[in-house]
Amino acid sequence: MTPDPLFDLTGKNVLITGGSRGLGLRMVRAFAQRGANVIIASRKIDACEAAADEVRAMGRRALAVAVHAGRWAEMDRLIEVAYADFGRIDILVNNAGMSPAMPSHEVSEALFDSIMNLNFKGPFRLATQVAKRMYDGEGGSIINISSTASLNPSPQVVTYGGAKSALNSMTESLAREYGPKVRVNVICPGPFLTDISKAWTEEARESANNALRRPGLPEEIVTAALFLASPSSSFTTGAIVRVDGGH
C-alpha cells in the first residue's frame, strides 16, 4: 500500500485495548492500513485473533492478547507479552471501557469498583508503565479514549463520568511528567453507531442532541486517532480532543 503522506505509521508498533470491536477495531484497521504493526487486547481471544488476522492480511505483524483491562496484574502481563514479542511500543491507545446507565442510588459497590477499574485504574497502570519505557527509549504517543460524559455531567452515569474525568486529568499530568519524549492526549467521543447502538431506539440511531444533529459513524473517529498517533501532531500534547458532533 502507498504510505499515507500525513499519517505514515510504517514500522510503528501500536498497542490498543478494546481493539477487537467498535471504535477500537476501526482504529486497529486504520493503523494497520498505514503501515503499523498492532497488538490487540481485549477479554475475548477469538475476537482478538479475528482482528489480528485482518492485520496480518495487510502484511503487518499482529499479536492477540486476552486481558481484562481493569486489572492491574493483567496490564503488567500485557506489557511483558507485548515487549517480549514486539520489542517496543511506539503508540498506546487506552480504549477499553464500559458505561452502564442506571439510577445512581442503585449502583452497588462492586459495580462502582468495576467501572472505576476499567475506565481509570487499568488505563493508569498501562499508561504509566508504557510511558516510562517510552521515555527511557525513543519516545512515543499515548492516546486515552475518554467520553463527552467527562465534560458534560449527565444523570445516571455519574461513576462513568467521574472515571473518565480522572482519565482526562491523568492525560494532562502524564503529558508534563513524561514530556518531551512522550506525548499524551485524550479523545472524547460522543455517541457513535458501533455495536452498542444496536440497543438504542431508532430515533437515537438517527438523531442526537448535538450541533450536527446525529450520532457519529465509526470511521469518523479514525482521523483524530491517526492525527494524535502520528508525527503530524508533534506539537500537540496534553490535549482534550472532542469528537462528538458539537455536543
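The values are calculated or read from the model by the stated rules, or taken from the named source; none is laboratory data. Note that this is a predicted model, so its numbers are computed, not measured. Cβ sites come from the backbone with ideal geometry, for glycine too, and all protein chains shown count toward neighbours.
Data for the structure
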read-out: Contacts under 6 angstrom Cβ, first residue in region 127-139 being in a helix (DSSP H, G or I), partner of a type in the set (Phe, Trp, Tyr), 6 or more apart; value: 131/178; 135/178
read-out: Any chance residue 59 is outside any helix (DSSP H, G or I), of a type outside the set (A, V, I, L, M) and closer than 13 Å to residue 143 by Cβ; value: no
read-out: Within region 56-106, considering residues that are of a type in the set (Ser, Thr, Tyr) and touching a helix residue (DSSP H, G or I) at 6+ places or on another chain (Cβ under 6 Å), the one surrounded by the most Cβ atoms within 10 Å (Cβ to Cβ); value: 99
read-out: Residues of region 107-126 that turn out to be buried (at least 20 other Cβ atoms within 10 Å of the Cβ) and of a type in the set (A, V, I, L, M), as a count; value: 3
read-out: Qualifying residue in region 215-232 (condition: touching a residue at least 12 places away in the same chain (Cβ under 8 Å), touching a helix residue (DSSP H, G or I) at 6+ places or on another chain (Cβ under 9 Å) and in a loop (DSSP other than H, G, I, E, B)); value: yes
read-out: Residue check for residue 67: aliphatic (A, V, I, L, M), farther than 21 Å from residue 24 by Cα and touching a residue at least 40 places away in the same chain (Cβ under 8 Å); value: no
read-out: Subset tally (residues that are of a type in the set (Val, Ile, Thr) and part of a helix (DSSP H, G or I)) for region 146-203; value: 5
read-out: Residue check for residue 149: surrounded by fewer than 19 Cβ atoms within 10 Å (Cβ to Cβ), within 20 Å of residue 96 (Cβ to Cβ), in contact (Cβ under 8 Å) with a residue 12 or more places away in the chain and not basic (Lys, Arg); value: no
read-out: Scan of region 80-113 for residues that are assigned to a strand (DSSP E or B) and either of a type in the set (Val, Ile, Thr) or farther than 15 Å from residue 36 by Cβ (or both), ordered by number; value: 91, 93, 94
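Here's the yes/no breakdown for (1) at pLDDT below 95; (2) surrounded by fewer than 19 Cβ atoms within 10 Å (Cβ to Cβ):
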| site | (1), (2) |
| --- | --- |
| 180 | no, yes |
| 189 | yes, no |
| 211 | yes, yes |
| 215 | yes, no |
| 225 | no, no |
| 236 | no, yes |
| 247 | yes, yes |
